[in-house]
C-alpha cells in the first residue's frame, strides 16, 4: 500500500511539473498546451470563414462551457485524477499478473519499433483508433456508461469546442480498453503518441466544427463534420437504435461494421437525446448527473 501511495504522489508531482513546463517553458513542437490552443484557433477561424449553419451564432449556445470543458478535460483532469489513477492501475495490474508468474511484456505479440517508422506509426494509430471505436460503441450500449456519455451528447449547437465536452469517467473507460491492446503491440514512443494525439485532436475538432465538409472520396476513411453531425442526432433510425457513426478519427470502421448512417444533408437536424431538456445545463450538474441518476 505504501508503494502505491508513493506512486500516486509521484504521479501528481510529476504531472504538475510537466504541466508547468508545458505552459511556461517548453517551446517544442509537441507542446500539448499550446498545440491545443493553435488547433482550436485554426478550426475556429475556419468556422468563421466557411460556416455551414449560417444562422448559428459565432459564440453558439454553451460555447464558453465547452471551452472550459476543453481545458479542464485536456489538462486539469489529468492533474486531478487520470495520471495517478492510470499509474496506480498499471501497477496493480502488473502486481496481479506477477502473482501468477506473468509479466505484462509477455503479452507483447508485435514490437512495432522494428517496423519502418511510418509503418509503426500507422500500426499504432490504427490499433488505438479501432479500440476507441469499440469503446465508443460500448458507451452507447451499456446504460450505466451511457449516463456518463450523455454529457457529450447534451450539445445542442455544434462547434469545435464540443469535441472535448465529456464526463471525467469517459477517459477512464477509454484508457482501460486501450491498456492491453497497446501492451500487445508495444514498441511505440512518446513521440508516436504525440503525433497520433495531435492528429486525432485536429480531426475531432473538425468533426464537431460548424463546417459542411465530408472530404469527398476520403469520407469512407476519415470521420468528417457531415457524418459526425448524425452521430449527435436526437432522433435515431429504427435499425440503429443505439446510435451510429461511432468513428473517432476513422469512419472506416462504421462502413465495415454497417453502423454508418448519413441519409441526407444533416445541417439542420435537432441534436441531443430524448428528454435532454431535463439534463443539467451547468458543469457541476452535468458531472454529478450520472451519480444522481436512478
Calculated FRET value between residue 258 and residue 33, using beta carbons and R₀ = 51 Å, to 0.05: 0.80
Potential lengthening between residue 240 and residue 48 on full extension [0.36 nm per residue; Cα-Cα distance subtracted]: 65.8 nm
Full-stretch length increase - residue 284, residue 117 - with 0.36 nm per residue and alpha-carbon distance subtracted: 55.7 nm
Prolate/oblate/rounded label for the stretch 152-294 (Cα gyration tensor, a/c 1.5): oblate
Relative packing of peptides 194-206, 229-241 - highest average C-beta neighbours within 10 Å first: 194-206, 229-241
Relative contact order (%) - criterion: Cα under 8 Å, at least six apart; region: the stretch 148-285: 26 percent
Cα→Cβ-extended label distance, 7 Å offset, between residue 213 and residue 110, nm: 2.9 nm
Label point distance in nm, residue 195-residue 138, each placed 7 Å from Cα along Cα→Cβ: 2.8 nm
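Read-outs: derived from the displayed coordinates by stated rules, not from any lab. Owing to the predicted nature of the structure, the values given are computational and were not obtained by experimental measurement. FYI the Cβ positions are ideal-geometry reconstructions off the backbone, even for glycines, and counts take in every protein chain you see.
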